[in-house]
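Take a look at the structure set out below.
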Amino acid sequence: MALGLHGGHGASGQGLVLETSATATAASGAVGSRRFLLCLYLVGFLDLFGVSMVVPLLSLHVKSLGVSPIVAGVVGSSYGILQFFSSTFVGCWSDVVGRRSSLLACILLSALGYLLLGVSTNVFLFTLARVPAGIFKHTLSISRALLSDLVTEKERPLVLGQFNTASGVGFILGPVVGGYLTELDGGFYVTALICCSVFLLNAGLVWVLPWRETTLKSAEDAWSSDEKHATVPRESAGTRQGAATPTKARRSEKKVQKPWLEVMSALKDMKSLLFSALWDIFLVRLLMGVAVMLYYSNFVLALDERFGVRPKTTGYLISYTSALGTLAGFAVGPILRLYKHNSHMVLLHSSALTCSLLLLYSVAGTMHVVVLSSTLLSFSTSVGRTCITDLQLSAGGAQASGTVIGVGQSVTAAARVIAPLLSGVAQELSPCGPPSLGAALALVAVLIMSRNKPHSSGHGNEKLKRE
């Protein structure tokens, strides 16, 4: 009796110790995850800060090299073409080899591209410099996939919105610094080399990130999920560790395969999912992307022809709307809570609002209406971008978040190629032609979303397992 009582006290004491230890570990993991997220926000900020210092100066530098406008256009489009073909491949590569390795490789190879840009005294070197950046400049895509690995589905839109906000701040500050540096002697080369230094600093930040704490936290979450859902295969839990380590499940099955072969195999497995379960999401992304780019394509020229607004004043308006779009990232969380985390409905309503605002801008008779429509457009497009990324990840599943985001980036790259062509044709008809066409395309996107049911978060995983 006494022995039984003693054993009972020992067991309860041991349970209390284990519970206290688990609570302390959970608290430590929460702090580590929060610190990791903040570091990733800084990675996004530095990435766009460095890029936006250089990008506005590229056209001027190409012109200074003495090439014809046609050659300059071909060279300028090479980056978008490379992004179109590389986005999906690099995203899938990050699923196979792990986020840390792929993120470091992309940052360092992008730094090489900007280093070459800093010594590009002829058009050959300039074109060569755009190749590594065009292929490997996917820091933001891999970072978003990593964020998706680390947070729950309900937290994901909020975290992605905050990440977009941090990156947007870098995009606002970068041109200011770049514009100042370009006034110096050899300013473009100095700016490109500083951009390279920013990327090297970013690589150092990624190297010292607390990956171990994040891996442990992911493992604990996966173990908790297995305890609650005993019927779920262990491989689905292991995918969350892909944020910091290679996909162990795939490697255990295909130990003899090289990473590049694994990438091709993963892309083959994902093909039917991408083109059957996600076709409507990617089509909506393409239509909305082209619609918004049509709006921006002739914004300066249209305001000059319609209202006689000087480019300097238009620049202030663009900066104002860019700042609002950046701050709109903080509104994603409250909006989703209002909609009970229904990203499909938020995207539908934000796209409908974008369509209406594009139409309003097209028929605006005064600058007051233009400012109003531009203000609300910066808000609706920012919320829409976050929600469509969340829908892609929900439908595609956690096992291939890098691939899904990569395909989304390829779709956006295609929109960048299509929009200027459509804008040129519509501009021949009227200065209001491009935004009017954009409103029509946005309306088609709204109709597609209205006819299709929202995707469930488990659909992608179930389909992938059946294959």
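The values are calculated or read from the model by the stated rules, or taken from the named source; none is laboratory data. Given the structure is predicted, the values throughout are model-derived calculations rather than measurements. When we count neighbours, we look across all protein chains shown, and the Cβ atoms used for this are built from the backbone with ideal geometry, even at glycine. Heavy atoms of the whole protein, side chains included, go into the accessibility calculation; ligands, DNA and RNA do not. Shrake-Rupley method; radii C 1.70, N 1.55, O 1.52, S 1.80 Å.
As an exercise: evaluate ALA426 against (1) buried (at least 22 other Cβ atoms within 10 Å of the Cβ); (2) over 12 Å from the mean Cα position of the chain (by Cα); (3) hydrophobic (A, V, I, L, M, F, W, C) and give the number of the one condition it does not meet.
The failed condition is (1).
Of the residues that make up the stretch 67-86, is at least one part of a loop (DSSP other than H, G, I, E, B), open to solvent by less than 50 Å² (accessible area, probe 1.4 Å) and at pLDDT 85 or above?
No: zero hits.
Among helices (runs of 4 or more DSSP H) lying entirely in the stretch 381-467, which contain 3 or more residues that are at pLDDT 85 or above?
401-429, 433-451
Quick check on this structure: which one of LEU353, LEU336, LEU347 is within 15 Å of ALA439 (Cβ to Cβ), crowded, with 18+ Cβ neighbours inside 10 Å and not small (Gly, Ala, Ser)?
Just a single option satisfies the conditions, and that option is LEU353.
Are there any pairs with C-beta distances below 9 angstrom linking a residue in the stretch 61-73 that is farther than 12 Å from PHE188 by Cα and without any contact (Cβ under 8 Å) to a residue 40 or more places away in the chain to a residue that is among the small types (Gly, Ala, Ser) and open to solvent by 60 Å² or more (accessible area, probe 1.4 Å), with the two at least 6 apart or on different chains, and if so which?
As it stands, the answer is ALA72/SER59, since those pairs meet every condition given.
In the stretch 135-153, what count of residues is obtained for those that are touching a Gly at 6+ places or on another chain (Cβ under 8 Å) and not charged (D, E, K, R)?
The total comes to 8.
Return the pairs, sorted by first residue and then second, in which the second residue is of a type outside the set (S, T, N, Q) and in a helix (DSSP H, G or I), the first residue lies in the stretch 103-127 and is free of Cβ contacts under 8 Å to residues at least 24 places away in the same chain and farther than 14 Å from LEU193 by Cα, the beta carbons are less than 9 Å apart, and the residues are 6+ apart or on different chains.
Pairs found: LEU125/LEU116; LEU125/LEU117.
Could you grab me the full set of residues in the stretch 173-186 that are touching a residue at least 40 places away in the same chain (Cβ under 8 Å) and open to solvent by less than 60 Å² (accessible area, probe 1.4 Å)?
GLY174, PRO175, VAL177, GLY178, GLY179, LEU181, THR182 - these are the residues of the stretch 173-186 that are touching a residue at least 40 places away in the same chain (Cβ under 8 Å) and open to solvent by less than 60 Å² (accessible area, probe 1.4 Å).
Within the stretch 275-332, can you find the residues that are open to solvent by less than 40 Å² (accessible area, probe 1.4 Å) and part of a loop (DSSP other than H, G, I, E, B)?
ALA277, LEU278, ASN298, VAL309
Restricting the search to the stretch 87-114, which residues are closer than 23 Å to HIS61 by Cβ and surrounded by fewer than 19 Cβ atoms within 10 Å (Cβ to Cβ)?
Across the stretch 87-114, the qualifying residues are LEU109, LEU112.
Looking at (1) open to solvent by less than 10 Å² (accessible area, probe 1.4 Å); (2) in contact with a Leu (Cβ under 9 Å, 6 or more places away or on another chain); (3) acidic (Asp, Glu), which one does ASP149 not meet, given that it meets all the others?
(2)
Kindly list the number of the only condition in (1) more than 26 Å from GLY329 (Cα to Cα); (2) at pLDDT 85 or above; (3) open to solvent by less than 40 Å² (accessible area, probe 1.4 Å) that fails for LEU57.
Condition (2) is where LEU57 drops out.
Taking GLU262, is it of a type in the set (Asp, Glu) and either open to solvent by less than 40 Å² (accessible area, probe 1.4 Å) or at pLDDT 85 or above (or both)?
Considered against the rule, which asks whether it is of a type in the set (Asp, Glu) and either open to solvent by less than 40 Å² (accessible area, probe 1.4 Å) or at pLDDT 85 or above (or both), GLU262 comes out as yes.
Where the second residue is at pLDDT below 95 and open to solvent by 50 Å² or more (accessible area, probe 1.4 Å) and the first is of a type in the set (Ser, Thr, Tyr) and lies in the stretch 435-458, which pairs have Cβ atoms under 6 Å and are six or more apart or on separate chains?
SER457/GLU153
I'd like to check something: does the stretch 434-448 contain any residue that is over 18 Å from SER87 (Cβ atoms), of a type in the set (A, V, I, L, M, F, W, C), open to solvent by 10 Å² or more (accessible area, probe 1.4 Å) and touching a Phe, Trp or Tyr at 6+ places or on another chain (Cβ under 7 Å)?
No - not one qualifying residue is present in the stretch 434-448.
Does at least one position in the stretch 310-317 carry a residue that is over 22 Å from PHE171 (Cα atoms) and modelled with pLDDT under 90?
Yes, the stretch 310-317 has at least one match.
Within the stretch 205-226, identify whether any single residue is open to solvent by 70 Å² or more (accessible area, probe 1.4 Å), at pLDDT below 85 and of a type in the set (S, T, N, Q), and answer yes or no.
no
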